[in-house]
1. How high is the relative contact order of the stretch 44-105, in percent, with contacts defined as C-alpha pairs under 8 Å that are six or more residues apart?
2. Compute the signed sum of charges (Lys and Arg +1, Asp and Glu -1) over the other residues within less than 9 Å, Cβ to Cβ, of LEU111.
3. Just list whichever of LYS53/LYS259; LYS107/LYS217; LYS80/LYS107 have alpha carbons separated by over 19 Å in the model shown.
4. Accessible area per residue, 1.4 Å probe, Å², for the stretch 239-290: what's the number?
5. Tell me, what is the FRET efficiency for ALA19 and SER265 to the nearest 0.05, using R0 = 35 angstrom and their Cβ-Cβ distance as r?
6. How much length is gained on full extension from GLN102 to ALA215, taking 0.36 nm per residue of separation minus their Cα-Cα distance?
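The values are calculated or read from the model by the stated rules, or taken from the named source; none is laboratory data. Bear in mind that the values here come from a model prediction, so they are computed numbers and not experimental data. Note: ideal-geometry Cβ built from the backbone for every residue, glycine included; neighbour counts use all protein chains shown. These accessible areas exclude ligands, DNA and RNA; they are computed on the full protein's heavy atoms, side chains included. Shrake-Rupley method; radii C 1.70, N 1.55, O 1.52, S 1.80 Å.
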Amino acid sequence: PPFRQFSNTNIHYIKMAGAPDSVALLLFFVFWYAGNMKYNEYNSAALTAVGGKTSGLTMTVATMQLGVCAVYAFIMWAVKLNPAKLFGLQAPSTQNVPKVTQADIIKSIPLAFCAAGAHAATVFALGGDPLFGQIVKSAEPVLAAIVGTIFYAKAPSFYKVCCLPIIVGGVAFASLKKGDDGSYALKFDTTALVFGMLANSFAAFKGGENSKLMADKGVAQRYGGVGNQFAVTQIIAFVILLPIMFAVEGDMFPTFLEKLKTDSSLQFNLAMSGLCFYIYNELATYTLKVTGAVTASVANTAKRVLVMVYMA
């Protein structure tokens, strides 16, 4: 039972009624979308606080966001509780330190590497131009379908394939801006294009690797649940990005620390972007466990229209 009420002589258990799994799944989708909207808001504010896309600190922001994720994971292990399922109106789950082996960690590295690459590239893409970056990112399910078919022998259904151009085209249409002459056009951004496609590639492999890792019953049992598997993935991803951050932006790190010490806006938005990133991605992992990689990518793309409307 999730909760206990103590008296002087007896321990009385209080059962917390939880929502059905179908309702919980729907709510996980809702809060996944909402969390991503807030992440985009906080991420944009954090990048602005360090000087924008020309500040030379974009990789640092991306890495420190994963650092926040790592701290949050350790806090959950310290209190032995994961509140994520509360978003689905279900009881929070117990989260003990996983009893994983060295071999399990090694098996998790490909997933963590893809997660790190997808996150860092996305931060660069959205830092270039948020709207055009969302358009490029909307092509993620196309790559997920190709990667799933070629590398993981999981071809999408005919109906899912038919949905892909409609969704990508819909996101592009939603991103059209009206000019002074009354015509509609897209704002092209090279940074958003390059890093957006790179993020899509990493995300496509991440979905496949995530499904493959969760399908290994031995690894899944030792992790003790999706929450632990996701926590370990974020910690490894943070460790992977750290040396890359120092290699490409190490000379700017003292400047970043000075800004972090004195700028309350940077402190708040960096912490909140990292927290929102962890929570919405964990909820997305819960949905992936049920829906599969391509379906999750389609849902992820549909979400982008709502994000763009929110950020407009």
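1. 19 percent
2. Net charge around LEU111: +2.
3. Pairs exceeding 19 Å: LYS80/LYS107.
4. Normalised by residue count, the accessible surface of the stretch 239-290 is 49 Å².
5. Result of the calculation: an efficiency of 0.45.
6. That pair, GLN102 and ALA215, stretches by 38.9 nm at full extension.
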